[in-house]
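For reference, the structure discussed in these notes is given below.
The values are calculated or read from the model by the stated rules, or taken from the named source; none is laboratory data. Fair warning: this is a prediction, and the values are worked out from it, not measured in the lab. Every residue, glycine as well, gets a Cβ built from its backbone with ideal geometry; the counts of neighbours run over all protein chains shown.
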Amino acid sequence: MARKALIIALGVMLVAAAASVAANKTGTAGAQQLRVPVGTRGVGMAGSVVADAVGPEALFWNPAGAAGALGTEVCFTYKSYIADMTVTYAAITSQFAYGTIGVSAKILSLGDIYVTTTRDWDGTGEVYSVNLPVLGLTYSNMITDRVALGATVMYLSEAVMQSRAQGMAFDFGFQYVPGWRTLKFGMVMKNYGPKMTYSGPDFEASTLVPGDDPESANRTVALTSAGFEMPSDFQFGATYDFELGVNGKTTVGAVFQSNNFSEDEYRFGAEYVLGERLCVRAGYVLCDQDKYIYGPTLGFGANFNLGRVKASLDYSHTFVSNYFDDIPEVSMRFGL
């Protein structure tokens, strides 16, 4: 029964991924806040953790990995992003008899924006802020001792002054341990959902409708905006652990990512863990996209105990080119 469920799930994921990627064109996707990576381990390994992401961090990389959470785990992340933007992320996973439930919230803040017009190039004196929230609810479960499945439903909202767009997106993932040494496989479809469309008072105008009596009063008409696709992608990856004596372990990972919005990517990363206490990570992304700005990634972390609470403090660093500052990220994680 479990094998049949696995085959059906994989078949649905592959068909949906192929259909989505084939149906969309490069450069047509919006809702880019969905793509901003969060989670210092995954970022430090350049996103090559689809096969072995676990706990709250897995809610972004692969929802199936949430099934590996023990008890209740909480994480908080803060990232200084490009162009003076910031990202705040919080997630919690809790294990129950029927599976693991996860809740996440990510907010991409674009900072203060000064209002300008065709008449006031230097600004009108008005300032507004743009925050793009993404709220997620995840369910994950081990359907066998080797296979985990997970899904996330996300609500996202975009508001610029008086214009607003709202939408839903979905992630579907699985992780598989074939039982050959330390090899693991993972697959995830990310950010699949219907188009989003902007609307609001900024799309309204008071005008004389063609065909009306020239002496009649203006009427308020609403313009419509074109819908935009979600930045969906399909990822397949694997990891392998190398035991280095009693106290050392190195994990290497690789992921192929097929995008509907840009060129495909190949992600590679490695993590060295010393005595289950200290971690050092590195990664790199290969991409043929013109003017791809993201370079190598580095990271490190420390695990420790706060009484009965297991905690970790992690840092990641993404090198960026083309006049942007590098991207630092820090996170705290607690296991209750």
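Here are the numbers for this structure:
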item: Looking only at segment 196-236, and only at residues there that are in contact with a strand residue (DSSP E or B) (Cβ under 6 Å, 6 or more places away or on another chain) and among the charged types (D, E, K, R), the one that is farthest from residue 166 (Cα to Cα); result: 233
item: Condition check for residue 148: modelled with pLDDT under 90 and of a type in the set (A, V, I, L, M); result: no
item: Selection within segment 244-282 - closer than 21 Å to residue 302 by Cβ and surrounded by fewer than 16 Cβ atoms within 10 Å (Cβ to Cβ); result: 244, 245, 246, 247, 248, 250, 274, 275, 276, 277, 278, 280
item: Residue within segment 215-223 that is touching a helix residue (DSSP H, G or I) at 6+ places or on another chain (Cβ under 9 Å), loosely packed, with under 14 Cβ neighbours inside 10 Å, of a type in the set (Gly, Ala, Ser) and over 29 Å from residue 49 (Cα atoms) present; result: yes
item: Residue list for segment 167-203, restricted to those being aromatic (Phe, Trp, Tyr) and either within 30 Å of residue 142 (Cα to Cα) or modelled with pLDDT of 85 or more (or both); result: 170, 172, 174, 176, 180, 185, 192, 198
item: Segment 142-190, residues that are out of contact with any Asp or Glu (no Cβ under 7 Å at 6 or more places or on another chain), outside any strand (DSSP E or B) and either of a type in the set (A, V, I, L, M, F, W, C) or surrounded by 18 or more Cβ atoms within 10 Å (Cβ to Cβ) (or both); result: 143, 177, 180, 183
item: One residue from 206, 129 being under 26 Å from the mean Cα position of the chain (by Cα), at pLDDT below 90 and either loosely packed, with under 13 Cβ neighbours inside 10 Å or among the small types (Gly, Ala, Ser) (or both); result: 129
